[in-house]
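Worksheet: one structure, shown below.
The values are calculated or read from the model by the stated rules, or taken from the named source; none is laboratory data. Keep in mind that what you see is a predicted model, and the values were worked out from it rather than measured. Cβ atoms come from the backbone with ideal geometry, glycine included; neighbour counts cover every protein chain shown. These area figures cover heavy atoms from the full protein model, side chains too; ligands, DNA and RNA do not enter into them. Shrake-Rupley method; radii C 1.70, N 1.55, O 1.52, S 1.80 Å.
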Amino acid sequence: AGLVASSLHTSFFGNIVAGYLEKMEDAGFRVLLSYSRDSAERAAAAFAEMVRRGAEGVAFIGNPAVFRSAPPIPVAATHRAACRHKISCVTVDHALGGRLAGEHLLQLGRRRIALVGACRGQAPCVGR
């Protein structure tokens, strides 16, 4: 199995990597891990190397925008763009999550609510 992570600098990505490694290793798989540094070229090279080494499937954490055609092995990704490439994708509904969090805080009687983060213009924050 393979895992290509576009970032390792946040707890979000780190937790996904740790969980993936734990589950795959517990299931008896050896995992090839690559850090693409948000580079499509690095991700494509890592994927090609994993296929060459016999990976039975590869997960992408981040944008897997490396596919121009169907991949030769199963692929899953955690980025909305993956859905356009007709590969398995797991995404977050940021708008729904934000609404549910806001409704919960309102039910608790809170009236001054803020989203704190350094993510101006990024899709997750815009949706929330």
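Residues that are closer than 17 Å to residue 91 by Cα, exposed (fewer than 12 other Cβ atoms within 10 Å of the Cβ) and not polar (S, T, N, Q) within the stretch 13-22 comprise just one, 19. Pick from the stretch 77-121 the residues that are assigned to a helix (DSSP H, G or I), under 24 Å from residue 13 (Cβ atoms) and at pLDDT 75 or above: which of them is most open to solvent (accessible area, probe 1.4 Å)? Taking the candidates together, the pick is 100. Per the conditions (1) touching a residue at least 40 places away in the same chain (Cβ under 8 Å); (2) among the small types (Gly, Ala, Ser); (3) not in a loop (DSSP other than H, G, I, E, B), the sole criterion not satisfied by residue 19 is (1). Would you confirm, using the coordinates I've provided, whether residue 45 is surrounded by 15 or more Cβ atoms within 10 Å (Cβ to Cβ), free of Cβ contacts under 8 Å to residues at least 12 places away in the same chain and more than 12 Å from the chain's Cα centre (by Cα)? In short, yes. Only one of the numbered conditions (1) open to solvent by 60 Å² or more (accessible area, probe 1.4 Å); (2) assigned to a strand (DSSP E or B); (3) modelled with pLDDT under 90 is not met by residue 9, and that is (2).
Taking the criterion of being part of a loop (DSSP other than H, G, I, E, B) and exposed (fewer than 15 other Cβ atoms within 10 Å of the Cβ), the residues of the stretch 23-42 that qualify are 27, 28, 30, 37, 38, 39.
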